[in-house]
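The next block holds one structure in the form of structure tokens; read it before the comments.
The values are calculated or read from the model by the stated rules, or taken from the named source; none is laboratory data. These numbers come from a predicted model, not from an experiment. Heads up, the Cβs are rebuilt from the backbone with ideal geometry, glycines too, and the neighbour counts pull from every protein chain shown.
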Amino acid sequence: MYYILGKDRIGRKALDPFSPQISIFQAQAVAAIVIFDIDGVIRDVSGSYRRALADTVEHFTGSAYRPTQTEIDSLKLEGLWNNDWEASQEMVYRYFETQGCSRATVNLNYETLVAFFQARYRGPTPQSWTGYIQNEPLLISSRYLEALSCSGIFWGFFSGATRASATYVLERRLGLRAPILVAMEDAPSKPDPTGLVAAVNQLEAQYEVGANLPVLYVGDTVADLYTVQQVKAIHHSRAWIGVGVVPPHVQDWARYAARLQQSGAVVVLENVEQLTPESIFSLTLSH
Ligand SMILES: [Mg+2]
């Protein structure tokens, strides 16, 4: 089923993003592209990546310090620490700085740290999926994605997770078949927008996608929304719309949502499935 849109009877600026009045529009079909972040959007990583992060910081500070969820949130809200290995390393450094040490004197090997993190998160070997990853709650159903497809909406994924980890959740847990995915190995870290553009280009190459369709990027961090700001500055010929989702572990919802909005989110949702075909079309009309 395609949602049919047409003449904007009530004025574009007046559109409520989730207005059911969208159904009164007539005439032409409208399509859009939605690219999803994965961690915090597609899967709840509070008991996996974040637990592995806390374990790692605890281990490499000699059990002197284990960061709380709130402390990890505060670091993430800086917008620079999308990579959880680098975030772990940074929290270890900051702990030792509070103890009066300079970074240069801290004996910390990044590869050893990454190996420890991966053993907790993924399991002891690259082939084993026996770590925290196996218990990640999903925040999305495959039926939701089918509904987008049925409504003329193309979708894909751009994530800072490793390809193996992202593929595990998308294919083994959600049951998708070779979805469009740009992962850690494929592009620079967010907020560099190269991977977002690559995901859009891959969708356009694989499907019959109309030129310059509006793109929504759905993410749960400041870095995700900075990515949208950066791509807007480079690619002017299409509409880029940042959609924020507050991840499940967040305790201060209002503060977190406000920060996402300040970072460029045009709307902030409690759950990604609130981004319905109707709301997608409405957002594309009003931006
Ligand atoms: Mg995320």
Exercise. Identify, by number, the condition in (1) small (Gly, Ala, Ser); (2) assigned by TED's automatic domain parsing to the domain that holds GLY152; (3) within 16 Å of the ligand (Cβ to nearest atom) that ALA87 doesn't meet.
Key: (2)
Quiz prompt | Qualifying helices (runs of 4 or more DSSP H) (wholly inside segment 179-287; at least 1 residues being of a type in the set (Val, Ile, Thr) and farther than 18 Å from LEU80 by Cβ) | solution = 194-206, 222-234, 277-285
Quiz prompt | Filter result (without any contact (Cβ under 8 Å) to a residue 24 or more places away in the chain, part of a loop (DSSP other than H, G, I, E, B) and more than 16 Å from the chain's Cα centre (by Cα)) within segment 134-177 | solution = ARG177
Quiz item: Which residue pairs have Cβ atoms closer than 6 Å, lie 6 or more positions apart in sequence or on different chains, and pair a first residue in segment 245-258 that is in contact (Cβ under 8 Å) with a residue 40 or more places away in the chain with a second residue that is among the small types (Gly, Ala, Ser)?
Solution: PRO247/GLY40; HIS249/SER46
Quiz prompt | Top-ranked residue of segment 34-59 - restricted to ones that are among the β-branched types (Val, Ile, Thr) and touching a Pro at 6+ places or on another chain (Cβ under 8 Å), ranked as nearest to THR194 (Cα to Cα) | solution = VAL41
Exercise. Determine the pairs where a residue that is within 9 Å of the ligand (Cβ to nearest atom), located within segment 36-49, has a partner that is β-branched (Val, Ile, Thr) and in a strand (DSSP E or B) with Cβ atoms under 9 Å apart, the partner being 6 or more residues away or on another chain.
Key: ASP37/VAL218; ASP37/VAL245; GLY40/VAL245; VAL41/VAL218; VAL41/VAL245
Exercise. Filter segment 188-203 down to the residues that are touching a residue at least 60 places away in the same chain (Cβ under 8 Å) and of a type outside the set (A, V, I, L, M, F, W, C), then identify the one that is surrounded by the most Cβ atoms within 10 Å (Cβ to Cβ).
Key: LYS190
Quiz item: How many residues does segment 231-258 hold that are within 19 Å of VAL272 (Cβ to Cβ), away from the ligand (no atom under 16 Å from the Cβ) and among the β-branched types (Val, Ile, Thr)?
Solution: 1
Quiz item: Of all the residues that make up segment 58-71, how many are in contact with an Asp or Glu (Cβ under 9 Å, 6 or more places away or on another chain) and closer than 26 Å to ARG255 by Cβ?
Solution: 4
Quiz item: In segment 214-230, which residues are crowded, with 20+ Cβ neighbours inside 10 Å and away from the ligand (no atom under 16 Å from the Cβ)?
Solution: VAL215
Quiz item: Of the residues in segment 147-174, how many are surrounded by 20 or more Cβ atoms within 10 Å (Cβ to Cβ) and under 14 Å from TYR49 (Cα atoms)?
Solution: 6
Exercise. Taking ASP73 as meeting all but one of (1) modelled with pLDDT of 95 or more; (2) within 16 Å of the ligand (Cβ to nearest atom); (3) of a type in the set (D, E, K, R), write down the number of the exception.
Key: (1)
